[in-house]
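The values are calculated or read from the model by the stated rules, or taken from the named source; none is laboratory data. Just so it is clear, the structure is predicted and the values come from calculations on it, not from any experiment. Cβ sites come from the backbone with ideal geometry, for glycine too, and all protein chains shown count toward neighbours. Heavy atoms of the whole protein, side chains included, go into the accessibility calculation; ligands, DNA and RNA do not. Shrake-Rupley method; radii C 1.70, N 1.55, O 1.52, S 1.80 Å.
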Amino acid sequence: KVEYTDELAGVRQRHRQAVGEHMATLARCLERAGIPRAHALGLHALVVGLLHTWMLDPEAFDLAAEGARAIDAHLAGLKRG
């Protein structure tokens, strides 16, 4: 359980900063690949969702293999669009 209390304000701020930096990196990488920067949020959500699901049940799937497959499919769809 996560509660954003005043006591955890610093943790929340550091997390938001890290996410912002990650999103900026994703946007730059997508742009270099000819994909609009606006798609960074979708890719970020995919990665976070994969990590969250895997953390709930690490035995359910191979994170590296399935994650790579999901990301490759997502990027391929963006390039086609």
Handout entry: Residue list for segment 20-46, restricted to those being modelled with pLDDT under 95 and of a type in the set (Val, Ile, Thr)
Key = 35
Problem - Condition check for residue 64: open to solvent by less than 60 Å² (accessible area, probe 1.4 Å) and hydrophobic (A, V, I, L, M, F, W, C) - result: no
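Would you say residue 48 is surrounded by 10 or more Cβ atoms within 10 Å (Cβ to Cβ), more than 25 Å from residue 79 (Cβ to Cβ) and either in contact with a strand residue (DSSP E or B) (Cβ under 8 Å, 6 or more places away or on another chain) or free of Cβ contacts under 8 Å to residues at least 12 places away in the same chain (or both)?
no
Would you check if residue 76 is open to solvent by less than 60 Å² (accessible area, probe 1.4 Å), over 17 Å from the mean Cα position of the chain (by Cα), modelled with pLDDT under 95 and of a type outside the set (D, E, K, R)? I'd like the intermediate steps shown before the answer.
Details: open to solvent by less than 60 Å² (accessible area, probe 1.4 Å): yes; over 17 Å from the mean Cα position of the chain (by Cα): no; modelled with pLDDT under 95: yes; of a type outside the set (D, E, K, R): yes.
No: the conditions fail for residue 76.
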Exercise for the section: State whether one or more residues within segment 5-28 are more than 20 Å from residue 78 (Cβ to Cβ), among the basic types (Lys, Arg) and part of a loop (DSSP other than H, G, I, E, B). Expected result: no
Completion exercise
Among (1) within 13 Å of the chain's Cα centre (by Cα); (2) modelled with pLDDT under 95, residue 13 falls short only on (1)
Practice task
Answer yes if at least one residue in segment 2-15 is exposed (fewer than 10 other Cβ atoms within 10 Å of the Cβ), without any contact (Cβ under 8 Å) to a residue 40 or more places away in the chain and of a type in the set (Gly, Ala, Ser), and no otherwise.
Solution key: yes
Practice task
Give segment 29-41 a look and list any residue that's in contact (Cβ under 8 Å) with a residue 12 or more places away in the chain and either surrounded by 14 or more Cβ atoms within 10 Å (Cβ to Cβ) or farther than 13 Å from residue 78 by Cα (or both), or say none.
Solution key: 30, 35, 39, 40
